[in-house]
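> Here it is, the structure, as structure tokens.
The values are calculated or read from the model by the stated rules, or taken from the named source; none is laboratory data. On a predicted model such as this, the values are computed, not experimentally measured, just so you know. A quick note on method: Cβ atoms are made from the backbone with ideal geometry, for glycine too, and the neighbour counts reach across all protein chains shown.
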Amino acid sequence: MTRIELTVDGAKVVDDVEPRLLLVQYLREQLGKTGTVIGCDTASCGACTVHLDGHSVKSCNVLAVQADGAEVTTIEGIATNGELHPLQEAFRECHALQCGFCTPGMIMQSADLLAENPHPTEAQIREGLEGNLCRCTGYQNIVRAVRYAADATSATTDGGAA
């Protein structure tokens, strides 16, 4: 067993874990963060995307011990004071989900994309989401939702100028 200390969704956590335990398994099985979805276990689908020190990673491709000392944010941790994150609101408003399986990973990847590029073009959104697969929607509404969130965030930070 290896002792790890990290912050998950703002809460300090100290645990002993098997060195081979995947971060996705740790989050779901030991911390109950079931919004982080296990999809493919091969880093191909992106359903397990979380933020590790502010950048998106596929948590099925990271060992829990690699997150030692880090800050992890899951889909459960992006809402503030009971208010949906702008991307969560945008996905709801734009009907950017069907089965919802890919949605947590899509939102987490989109948040990283918008942090790096607050005003992406449609092509940049599509490129930024390339590693996240959706088998239901055809991506149109997902791209619309990211654009909607970018515009909404821009309106609140720029005083209404988009």
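> Determine, yes or no, whether ALA70 is modelled with pLDDT under 95, surrounded by fewer than 22 Cβ atoms within 10 Å (Cβ to Cβ), touching a strand residue (DSSP E or B) at 6+ places or on another chain (Cβ under 6 Å) and not assigned by TED's automatic domain parsing to the domain that holds THR137.
The answer is no for ALA70.
> Within segment 145-154, identify whether any single residue is in a loop (DSSP other than H, G, I, E, B), over 17 Å from GLY54 (Cβ atoms) and not assigned by TED's automatic domain parsing to the domain that holds ALA47, and answer yes or no.
No, segment 145-154 has no match at all.
> Given the conditions (1) assigned to a strand (DSSP E or B); (2) not assigned by TED's automatic domain parsing to the domain that holds ASP15, and given that ALA96 satisfies all but one, which numbered condition is not satisfied?
It is condition (1) that ALA96 fails.
> So which residues in segment 78-112 are within 23 Å of THR7 (Cβ to Cβ) and of a type in the set (A, V, I, L, M)?
ILE78, ALA79, LEU84, LEU87, ILE107, MET108, ALA111
> Right, next: Sort out which residues of segment 35-93 are farther than 17 Å from ILE142 by Cα and in a helix (DSSP H, G or I), and write them in order of number.
SER59, CYS60, ASN61, ALA64, VAL65, GLN66, ALA67, GLU76, GLY77, listed by residue number.
> Being within 30 Å of MET1 (Cα to Cα) and surrounded by 21 or more Cβ atoms within 10 Å (Cβ to Cβ) narrows it down to one of ILE38, ILE75, so name that one.
Being within 30 Å of MET1 (Cα to Cα) and surrounded by 21 or more Cβ atoms within 10 Å (Cβ to Cβ) holds for just one of ILE38, ILE75, which is ILE75.
> Still on this structure: Checking the structure you have, find out if any residue of segment 115-132 is within 24 Å of SER154 (Cβ to Cβ) and among the β-branched types (Val, Ile, Thr).
Yes, there is a match, as at least one residue in segment 115-132 is within 24 Å of SER154 (Cβ to Cβ) and among the β-branched types (Val, Ile, Thr).
> Inside segment 33-56, can you point out the residues that are among the polar types (S, T, N, Q) and at pLDDT 95 or above? Please lay out each step first, then the result.
First pass over segment 33-56, keeping only residues among the polar types (S, T, N, Q): 34, 36, 42, 44, 49, 56.
Result: THR34, THR36, THR49, SER56.
> Considering segment 65-75 alone, what residues qualify as being within 17 Å of the chain's Cα centre (by Cα) and more than 22 Å from PHE101 (Cα to Cα)?
ALA67, ALA70, GLU71
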